[in-house]
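Here's the structure, in structure tokens; my notes come after.
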Amino acid sequence: MHRLGCLSEDNILSGKRTQSKVRRHPKAQGKTQEGKGSQKESQGRTGKKIEAPKLDMLDRSQSSRQPPVTVTLLAILVLIIAATNLIRLWAAIQYWETLVSIGVSPGPLYIALTGLTWSLVGFYLVWMVWTGRPGSRIAIIVISSLYMVYYWLDRLVFQRHFPQQNAPFIAGVSILVVFYMIITLLLPSNQEFFSRKHGR
């Protein structure tokens with residue numbers, strides 16, 4: 001009987017120890033889960049720190065591809081000139097017989113061809129300026145110079161029989177346009193926009 005009592009006491013004590021271990025075990029699991037959670041939080045924080053510069057680089061690259069305000073205004077100006085020549089082409093085709101009957105010199109064919117040529121050149125120059133293509137600055141200088149020579153030769157030679165009351169006003173506008181083009185091409189931000197390689 002004494003042995004049975006000792007064995008029963010030992011079993012009770014061992015059962016209490018196992019229960020205490022079982023009770024302590026959830027705390028250990030909780031600590032491990034907290035440790036895993038802190039590891040995930042640290043990984044999430046480090047991931048955000050790594051991804052943030054990438055987003056900044058994408059925003060900077062997208063903003064660098066957009067033309068400056070002065071370049072945008074220059075493209076709009078060239079677009080207006082191209083649209084004016086397109087209207088010149090349409091008017092020559094629409095009133096072809098009338099121009100022939102009046103005897104306009106050098107004739108509707110000249111008006112149509114010059115309107116078509118300068119409208120195509122103007123639209124192509126707008127695309128070059130807007131996208132910042134290499135060689136856009138040289139193209140602007142060359143094409144604008146040729147257009148100014150053409151415009152005043154056409155006005156003073158072929159349209160000399162028409163009234164020229166607004167010639168001083170047109171001359172002032174031409175000087176302002178040339179002045180604006182020079183300033184736009186000389187700005188450092190615009191030089192960087194035109195000199196960078198396309199797609200970077």
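I'd like to know if the range 74-81 contains one or more residues that are without any contact (Cβ under 8 Å) to a residue 24 or more places away in the chain and under 16 Å from Tyr180 (Cα atoms).
The answer is yes, given that some residue of the range 74-81 is without any contact (Cβ under 8 Å) to a residue 24 or more places away in the chain and under 16 Å from Tyr180 (Cα atoms).
Got a sec? Which of Ser136, Ser101, Ser174, Ser105 is polar (S, T, N, Q), in contact with a helix residue (DSSP H, G or I) (Cβ under 9 Å, 6 or more places away or on another chain), modelled with pLDDT under 90 and more than 18 Å from Ile76 (Cβ to Cβ)?
Working: Ser136 fails: more than 18 Å from Ile76 (Cβ to Cβ); Ser101 fails: in contact with a helix residue (DSSP H, G or I) (Cβ under 9 Å, 6 or more places away or on another chain); Ser174 fails: more than 18 Å from Ile76 (Cβ to Cβ).
Sole residue among the options that is polar (S, T, N, Q), in contact with a helix residue (DSSP H, G or I) (Cβ under 9 Å, 6 or more places away or on another chain), modelled with pLDDT under 90 and more than 18 Å from Ile76 (Cβ to Cβ): Ser105.
Identify all residues within the range 160-197 that are among the aromatic types (Phe, Trp, Tyr), surrounded by fewer than 11 Cβ atoms within 10 Å (Cβ to Cβ) and assigned to a helix (DSSP H, G or I); write none if there are none.
Here is the first cut: in the range 160-197, the residues among the aromatic types (Phe, Trp, Tyr) are 162, 169, 179-180, 193-194.
Filter once more, keeping what is surrounded by fewer than 11 Cβ atoms within 10 Å (Cβ to Cβ): 162, 169, 179.
Scanning the range 160-197 gives Phe169, Phe179.
Within the range 70-113, can you find the residues that are not in a helix (DSSP H, G or I) and not hydrophobic (A, V, I, L, M, F, W, C)? If you could, list the steps in order and put the result at the bottom.
To start, the set of residues in the range 70-113 that are not in a helix (DSSP H, G or I) comprises 95, 103-107.
Matches in the range 70-113: Tyr95, Gly103, Ser105, Pro106, Gly107.
Looking for something surrounded by fewer than 16 Cβ atoms within 10 Å (Cβ to Cβ), of a type in the set (D, E, K, R) and either more than 22 Å from the chain's Cα centre (by Cα) or assigned to a helix (DSSP H, G or I) (or both) - is there at least one such residue anywhere in the range 146-159?
Within the range 146-159, one or more residues are surrounded by fewer than 16 Cβ atoms within 10 Å (Cβ to Cβ), of a type in the set (D, E, K, R) and either more than 22 Å from the chain's Cα centre (by Cα) or assigned to a helix (DSSP H, G or I) (or both).
Every residue in the range 139-160 that is free of Cβ contacts under 8 Å to residues at least 60 places away in the same chain and within 15 Å of Ala75 (Cα to Cα), please.
The answer is Ala139, Ile141, Ile143, Ser144.
The values are calculated or read from the model by the stated rules, or taken from the named source; none is laboratory data. Since we're looking at a predicted model, the values are computed, not measured. Cβ coordinates were reconstructed from backbone atoms using ideal geometry, including for glycine residues, and neighbour counts include every protein chain displayed.
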